[in-house]
Structures are given as C-alpha cells and as structure tokens.
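Notes for the one structure printed next.
The values are calculated or read from the model by the stated rules, or taken from the named source; none is laboratory data. No experiment lies behind these values; they were computed from the predicted model shown. No Cβ is skipped: glycine too gets one built from the backbone with ideal geometry, and neighbour counts run over all protein chains shown.
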Amino acid sequence: MALRAAGRTSLVDSAVEQLRGQLADGEWAVGDRIPTEHELAQQLGVGRNTVREAVRVLVHAGLLESRQGNGTFVRSTADPAAVLRGVRHAGAADVLELRVALEAEAARLAAARRDTHDLLRLRASLATLREEGDRNADADLAFHLAVVGATHNAAFVEVYRFFSAQVHEVLVEALGDREMPPVDIDTHEALVAAVEAGDPEAAERQARELLRVPMETVAALTEGSR
C-alpha cells in the first residue's frame, strides 16, 4: 500500500503516524527490514531528515530497531501509544475492573513468592503510606508497586507500571471536582499481613477489598449521570 504524501505542517508527526499505520496494518511483519530512508522519503514526499526523525521516534517507542550497517527492522507491531489511548478512552469502571484483576493476582502471587527483602520493602512502603496517606498519591503507588514486585514476575511489573498512571488519570477525570476516596490504611495493613503469612487467598481478598470503595464511588457517579 502506497504511503500518502505528508503535508507541510508537522512533517515528522505526519510521517510517524503514517508509519505507525503501516505497522498496524501488517505492511511489514516483525523481523522485516523496512524500506530505506531514500525509499520512504520518496513514498512520503518528505526529506530524508524527516524520515530519519520519524524512524528515531518509532525506535524509541520500541516498534523499530536500527541495526548498524543492516538497516532498520520491525521489532513490534503492537503500539504502546495506541494501548494508552485506548485506556484513556475507556470508562472509569472498565479501568478499575482491570486494576482489580491485576492487583488481586499480584497479591496472590506475592503471598506465595515473597522473600525477606520484599517484606521489608512492603513494611517500609506501608509506613510511608500511613504517615502521608491522602497527601501523597505516589506513596500509595509505591506500596502497590512493592506488592507487584514481590511477585518476582518481570512482565507483571512492567505491565503494572505501564497501566498504573493511566488508571489514576482516568479515575481523577471521572471524579471531577470530587476528592479521591480516602486511603484505607487498615486494609493495606491486612494485605501486608496476608502476604507475610504466605496466605494467597487472604491476600487476594484484601487486594479486592482495597478497591471496593473506588469501584462503588465510580458506580455511583455513573448511575447519577444517567
């Protein structure tokens, strides 16, 4: 499929979006070498410097990989930016359901796999959360990252980091001028105790309980807007 010639405004952005589209449409498979800068410049109707910058953006995004002396190859056709846009456009209830699923399984795995270092990190995060509470959203995030870290699953940690900021943004937007639900310190403590005790079922139960109030808050807002 031929690329549409880019306009003069925001040439790099236009080239990036068109190349993203080619990747999403399966024009090139993972492992394929994409056309040269010269070929892409001709197809896009832009200069080689513009193509070079566009390719650099996609390399940074993890979609392409430059190999010295060999060209540029497709590393992935799954665009993280598109995933983030989808999360932002999802409803708050949908996003919270995803968070519940992630955190419940993380708590279960953490209880089964935690080591001494994990428990020390959890206790330190809990102490900070108890001290700062509602004044610092980062303290709550650090606590949950400590739970996820105790799974010893690198993929889980990366997925959670990827989504956590988006989940927070969607929830804040849904609440509008209303305040975030208060941090439930008692349930956080119960979650840590379950992880320490090596009780996966109890840990999962407490993780779900932590998100019960936010879920109910969003459900009430949704019902009230109908």
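Under the condition of being more than 23 Å from the chain's Cα centre (by Cα) and of a type outside the set (D, E, K, R), the residues counted in region 10-30 number 10.
Of all the listed residues (E53, E39, E27, E65), the sole one being modelled with pLDDT of 90 or more, of a type in the set (D, E, K, R) and assigned to a loop (DSSP other than H, G, I, E, B) is E27. Can you say whether A127 is under 18 Å from T187 (Cα atoms), free of Cβ contacts under 8 Å to residues at least 12 places away in the same chain, assigned to a helix (DSSP H, G or I) and assigned by the TED database to the domain that holds P200, as far as the supplied structure shows? Against the criterion (under 18 Å from T187 (Cα atoms), free of Cβ contacts under 8 Å to residues at least 12 places away in the same chain, assigned to a helix (DSSP H, G or I) and assigned by the TED database to the domain that holds P200), A127 qualifies. Screening V218 with (1) farther than 18 Å from S164 by Cα; (2) at pLDDT below 80 gives one miss only, at (1).
Of all residues in region 72-91, those being modelled with pLDDT of 75 or more and not in a loop (DSSP other than H, G, I, E, B) number 3.
Per-residue answers, yes or no, for (1) over 23 Å from D115 (Cα atoms); (2) modelled with pLDDT of 95 or more; (3) basic (K, R):
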{"residue": "V167", "(1), (2), (3)": "yes, no, no"}
{"residue": "V170", "(1), (2), (3)": "yes, no, no"}
{"residue": "R178", "(1), (2), (3)": "yes, no, yes"}
{"residue": "P181", "(1), (2), (3)": "yes, no, no"}
{"residue": "D184", "(1), (2), (3)": "yes, no, no"}
{"residue": "L191", "(1), (2), (3)": "no, yes, no"}
{"residue": "A197", "(1), (2), (3)": "no, yes, no"}
{"residue": "E201", "(1), (2), (3)": "no, yes, no"}
{"residue": "E204", "(1), (2), (3)": "no, yes, no"}
